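Let me begin by presenting the structure, written as structure tokens, before commenting on it.
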Amino acid sequence: MFSLYLLYFVYLLFGGVLSFVLGIYFNLYSYSVFFDYEFFSINSMVVSASFYFDDISLLFMGCVLMISSMVILYSYIYMSSDVYSDRFLYLVILFVVSMLMLIVSPNLFSILLGWDGLGLISYCLVFYFNNFKSYNTGMLTILTNRVGDVAILVALAFILNSGSYHYTYLVDDFLFSWALGYMVVLAAFTKSAQVPFSSWLPAAMAAPTPVSALVHSSTLVTAGVYMLIRFDFILFNINATLFLSLSCITMLLAGFGAILEFDLKKIIALSTLSQLGLMMMVLFMGDSLVSFFHLLNHAFFKSLLFLCAGLIIHCIGDSQDIRYLGYSISYLPVTCACFCISSLSLCGVPYMAGFYSKHCIMNLLFSSGWDLFLGLVFLASMVTTVIYSMRLVYYCFYGCVGSFSMNCYFEDSVMTSSMLFLCFMSVMGGSVLQWILLIDFTFSLVDFSLLTLLVFAFSFILGYFISILGFTYNSESSFLFSFLGGMWFLPSFSVYFLYHSLLSLSKDSNKYYGVGWSESSTSGKIITIVSTISLLEKALYNNNISVMLMLFLMMFFVIII
């Protein structure tokens, strides 16, 4: 069975490299290809499958395939002792196929198939370990994402007025473009976990760590951002002020939550949420190319963070508490080095992958006439990113062993090879993608490299002191800790106020409708009719002459009339 892991690894890596090379070629020559395969047609109804390949879809598809190949290679060792490792492999492959269908499809109907496939398979992966916690988080995940699925269904009704399901045929003066834009934004907000749908993203950490690396880097949560990149021409027809504010709130909410969190995977998940808010903010500012640039850069170093975290968690007794990480550098040198490199890339240290896209965003904010408030929110996001990254690195390098007395530390060559590849992309990917996408750094009047370094130095020192205080000062009982560390009580609002009320409503509906008057008027009557027929059959079966004569007379009168 495990040979299939290596086989799919080779296939996906080859497909990823091929897609990346084709994306470079398509970008160089401004080339795009539209495929439409007709299965059959009945009168005016045509059943066909459409695929659209351009530089954006091919580059993103290459990114997804390369990361998924590294995740499968990593899982070859990580899931080797799991009883249902074959089920895990097939679910991951179906997950990747659903994402690819969403990427290359220009048809909103087939996009819905990939969109729904991501939601369903993510639900199967979240409760993969079949325990009470994973079941609850899986239900929270799929119910929140169903809101976005309904929005896509409504968008299908609006786009039908244009005469086609293909979004490539839409024009700016489309009559229902504003309604279509709001539906697409709502779907993207649920899938990318923006406020007020943010509670499901940290809860989905119940899935295996390789799945988290795939979900948080290039598949599930980035599907909403990719959809808005594709529908960016419709965003100009709607008022995006509210959505811009919500994305800024998401950045701050996730950043402050990660600073006060002690769960390793949840910190990285909140980091993903903060970066998704940053991508959404840039999208609503009107620059989809810079948002796509940061999306690709983020995919490489975030997948590397999760893979490193998975190996560290295994080595400290399957505990996710960062207070057990102490002095891991002595036992896991390669893993900790990759972990630090990915954290530095996340912070935007020159000249790593994250620096190029964040530098573009800073130039866009301060040199294009945008509100100063957005610039301050972006700086606050940078500060929180450096603080929680410094906090993770501090707990990893701290000179006291915080884990249990007996642990098995190991670094498998297969797992480290996948991490080293992603480490290389976390360092070199930003500059390569900048050359490919032809993003110019010279359009700004002021060079913000010095400002970036000052913000990083200040945040680094602040994060160091916060990490030291984390050992000596326990503030978990304070209201501020509960508010900021609990994502501003958003999970409580989304669970107790929304789902609890809906559960009570469904209970009342079942009481008064399901087993009430509806039951007595439908099922009760049917039972009476069936019992009457059974009595009639019994009478006929016993050769009742009167009943047979009555039926004969009824048939006779019907024929005469």
Legend entry - Charge tally in the Cβ shell below 13 Å around G23, where Lys, Arg are +1 and Asp, Glu are -1, G23 excluded: -2
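Which of rounded, prolate, oblate describes segment 242-292, given a ≥ b ≥ c as roots of the alpha-carbon gyration tensor eigenvalues and a/c under 1.5 marking rounded, otherwise prolate only if a/b is larger than b/c?
Numbers: a/c = 4.40, a/b = 2.01, b/c = 2.18.
Cα axes put segment 242-292 in the oblate bin.
Between F262 and V47, what is the FRET efficiency for a Förster distance of 60 Å, r being their Cβ-Cβ separation, to the nearest 0.05? Mind showing how you got there, number by number?
Details: r = 53 Å, r/R0 = 0.89.
My answer for the efficiency is 0.70.
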Inset, instruction - Return the sequence-ordered ³J(HN,Hα) values of segment 179-189 in whole Hz as given by the Karplus equation 6.51 cos²θ - 1.76 cosθ + 1.60 applied to θ = phi - 60°, using x for Gly and Pro. - result: 5, 4, x, 5, 5, 5, 5, 4, 5, 5, 5
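What does the C-alpha gyration tensor say about the overall shape of segment 225-369? Classify as rounded when a/c is under 1.5, otherwise prolate if a/b is larger than b/c, or oblate.
Taking the square roots of the gyration eigenvalues as a ≥ b ≥ c, segment 225-369 is prolate.
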Inset, instruction - Starting from the Cα-Cα distance between V150 and F236, subtract it from 0.36 nm times their residue separation and give me the gain in nm to one decimal. - result: 28.7 nm
Legend entry - Total formal charge among the other residues, if their Cβ is under 15 angstrom from that of K302, Lys/Arg +1 and Asp/Glu -1: +3
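If a/c stays under 1.5 just call it rounded; otherwise compare a/b with b/c (prolate if a/b is bigger, oblate if not). Do that for segment 244-327, with a ≥ b ≥ c from the square roots of the Cα gyration tensor eigenvalues.
Working: a/c = 4.61, a/b = 1.90, b/c = 2.43.
Because a/c hits 1.5 or more and a/b fails to exceed b/c, segment 244-327 counts as oblate.
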Legend entry - Extension gain (nm, one decimal) between L454 and A157, 0.36 nm per residue minus Cα-Cα: 101.9 nm
Inset, instruction - Please go through the residue pairs K302/K358; K133/K302; K266/K358; K265/K358; K266/K302 and name each one whose alpha carbons sit more than 21 Å apart in this structure. - result: K133/K302; K266/K358; K265/K358
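Could you calculate the contour length gain from C124 to F493, that is, 0.36 nm times the residue separation minus the distance between their Cα atoms, to one decimal place in nm?
Working: separation 369, 0.36 × 369 = 132.84 nm, distance 2.50 nm.
Length gained, C124 through F493: 130.3 nm.
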Legend entry - L505 paired with D318, simple spin-label distance in nm, labels 7 Å along Cα-to-beta-carbon: 3.9
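Of all chymotrypsin sites (Phe, Trp or Tyr not before Pro) in segment 340-392, which ones are in loop regions per DSSP and have a Cβ with at most 16 other Cβ atoms within 10 Å?
Numbers: sites: Y351, F355, Y356, F366, W370, F373, F378, Y388; in loops: Y351, W370.
Those satisfying the criteria are Y351, W370.
Each reported figure results from applying straightforward, stated rules to the coordinates on display, with no laboratory input. This one's a predicted model, so the numbers in the text were calculated from it and none came from an experiment. Here the Cβ is made from the backbone with ideal geometry for all residues, glycine too, and neighbour counts use every protein chain on show.
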